[in-house]
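*Asks:* Questions regarding the structure given below will be posed in turn.
The values are calculated or read from the model by the stated rules, or taken from the named source; none is laboratory data. Small disclaimer: the values here were computed from a predicted structure and weren't measured. Ideal geometry is used to build each Cβ from the backbone, glycine not excepted, and the neighbour counts take in all protein chains shown. Heavy atoms of the whole protein, side chains included, go into the accessibility calculation; ligands, DNA and RNA do not. Shrake-Rupley method; radii C 1.70, N 1.55, O 1.52, S 1.80 Å.
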Amino acid sequence: WRFTRVPDKISSQIKEMQKGRPRRGWGAVYARAKIKKSEWTTSIFPDRYSATYILPLKKEIRFQENLYDGIDIRIVIEIYFLK
(Lines give C-alpha, C1' and ligand atoms only; values in the text may rest on other atoms or scores of the structure.)
Protein backbone atom coordinates (compact mmCIF):
# COMPACT_ATOMS: atom_id res chain seq x y z
CA TRP A 1 0.00 0.00 0.00
CA ARG A 2 0.94 3.61 -0.62
CA PHE A 3 -0.94 6.67 0.53
CA THR A 4 -1.43 10.17 -0.79
CA ARG A 5 -2.51 13.19 1.21
CA VAL A 6 -5.69 15.07 0.45
CA PRO A 7 -4.79 18.81 0.32
CA ASP A 8 -5.33 20.89 3.48
CA LYS A 9 -8.20 22.99 2.14
CA ILE A 10 -10.14 19.97 0.87
CA SER A 11 -9.46 18.04 4.09
CA SER A 12 -10.89 20.98 6.07
CA GLN A 13 -14.03 20.94 3.92
CA ILE A 14 -14.45 17.20 4.45
CA LYS A 15 -14.06 17.60 8.23
CA GLU A 16 -16.74 20.30 8.16
CA MET A 17 -19.06 17.95 6.23
CA GLN A 18 -18.44 15.24 8.85
CA LYS A 19 -19.69 17.31 11.78
CA GLY A 20 -22.73 15.76 13.44
CA ARG A 21 -22.49 12.52 11.47
CA PRO A 22 -21.74 9.14 13.02
CA ARG A 23 -18.05 8.31 12.90
CA ARG A 24 -16.69 5.10 11.40
CA GLY A 25 -13.65 3.24 12.64
CA TRP A 26 -10.48 5.38 12.66
CA GLY A 27 -12.55 8.35 11.46
CA ALA A 28 -12.84 6.86 7.95
CA VAL A 29 -15.00 8.60 5.35
CA TYR A 30 -16.54 6.74 2.40
CA ALA A 31 -15.24 8.00 -0.93
CA ARG A 32 -15.18 7.30 -4.62
CA ALA A 33 -11.76 8.03 -6.13
CA LYS A 34 -10.63 8.47 -9.71
CA ILE A 35 -7.10 8.71 -11.11
CA LYS A 36 -6.80 8.88 -14.89
CA LYS A 37 -8.95 5.93 -16.14
CA SER A 38 -9.14 4.06 -12.82
CA GLU A 39 -12.13 4.61 -10.55
CA TRP A 40 -12.88 2.76 -7.30
CA THR A 41 -14.83 2.88 -4.03
CA THR A 42 -12.67 3.31 -0.95
CA SER A 43 -12.36 5.23 2.31
CA ILE A 44 -10.13 8.12 3.25
CA PHE A 45 -8.68 8.38 6.74
CA PRO A 46 -7.51 11.23 8.98
CA ASP A 47 -3.71 11.40 8.96
CA ARG A 48 -2.44 11.21 12.52
CA TYR A 49 0.63 13.28 11.58
CA SER A 50 -1.13 16.21 9.92
CA ALA A 51 -4.54 17.88 9.60
CA THR A 52 -5.23 16.14 6.29
CA TYR A 53 -6.90 12.96 5.14
CA ILE A 54 -5.00 10.21 3.40
CA LEU A 55 -6.15 8.13 0.44
CA PRO A 56 -4.83 4.57 0.16
CA LEU A 57 -3.55 3.67 -3.31
CA LYS A 58 -3.73 -0.05 -4.02
CA LYS A 59 -0.94 -1.74 -5.93
CA GLU A 60 -3.37 -2.57 -8.74
CA ILE A 61 -4.23 1.12 -9.25
CA ARG A 62 -0.58 2.21 -9.05
CA PHE A 63 0.41 -0.26 -11.76
CA GLN A 64 -2.58 0.45 -14.02
CA GLU A 65 -1.89 4.19 -13.95
CA ASN A 66 1.93 4.05 -13.80
CA LEU A 67 2.10 5.82 -10.42
CA TYR A 68 5.28 5.84 -8.39
CA ASP A 69 6.65 7.60 -5.30
CA GLY A 70 7.41 11.29 -5.65
CA ILE A 71 5.21 12.21 -8.62
CA ASP A 72 2.31 14.65 -8.58
CA ILE A 73 -1.06 13.15 -9.41
CA ARG A 74 -4.54 14.51 -10.02
CA ILE A 75 -7.25 12.73 -8.07
CA VAL A 76 -11.00 13.25 -8.12
CA ILE A 77 -12.63 12.32 -4.81
CA GLU A 78 -16.37 12.15 -4.24
CA ILE A 79 -17.41 11.93 -0.59
CA TYR A 80 -20.62 10.16 0.30
CA PHE A 81 -22.45 9.29 3.47
CA LEU A 82 -24.62 6.27 4.18
CA LYS A 83 -28.05 6.92 5.64
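*Asks:* Which value, in Å², gives the accessible area per residue of the chain when a 1.4 Å probe is used on the protein heavy atoms?
*Replies:* Here the residues of the chain average 76 Å² of exposed surface.
*Asks:* Residue farthest toward the positive end of the dipole of the chain, with Cβ of Lys/Arg at +1 and Asp/Glu at -1: which of F81, I14, L67?
*Replies:* Value: F81.
*Asks:* Run the dipole for the chain about the Cα centre, Lys and Arg Cβ at +1, Asp and Glu Cβ at -1, nothing else charged, and hand back the magnitude in debye, nearest 20.
*Replies:* 280
*Asks:* Taking all protein chains as present, what is the carbon and sulfur share of the accessible area of the chain, in % to the nearest whole number, probe 1.4 Å?
*Replies:* Reported share for carbon and sulfur atoms: 51 percent.
*Asks:* What Rg and what Dmax come out for the stretch 36-83 when only alpha-carbon atoms are used, in angstroms?
*Replies:* 12.2, 37
*Asks:* Would you please calculate the Kirkwood hydrodynamic radius of the chain over all C-alpha pairs and express it in Å, rounded to one decimal?
*Replies:* 13.3
*Asks:* If you don't mind, there's one more thing I want to ask. Are there any chymotrypsin sites (Phe, Trp or Tyr not before Pro) in the chain that are in a DSSP loop and have at most 16 other Cβ atoms within 10 Å? List them by number.
*Replies:* W1, Y49, Y68, Y80, F81
*Asks:* First measure r as the distance between the Cβ atoms of T41 and K9, then evaluate 1/(1 + (r/R0)^6) with R0 = 25 Å and state the FRET efficiency to the nearest 0.05.
*Replies:* The computed FRET efficiency comes out at 0.60.
*Asks:* Same structure again: Quick check: net charge around S50, other residues with Cβ under 9 Å of its Cβ, Lys/Arg +1 and Asp/Glu -1?
*Replies:* Charge balance in the 9 Å sphere: 0.
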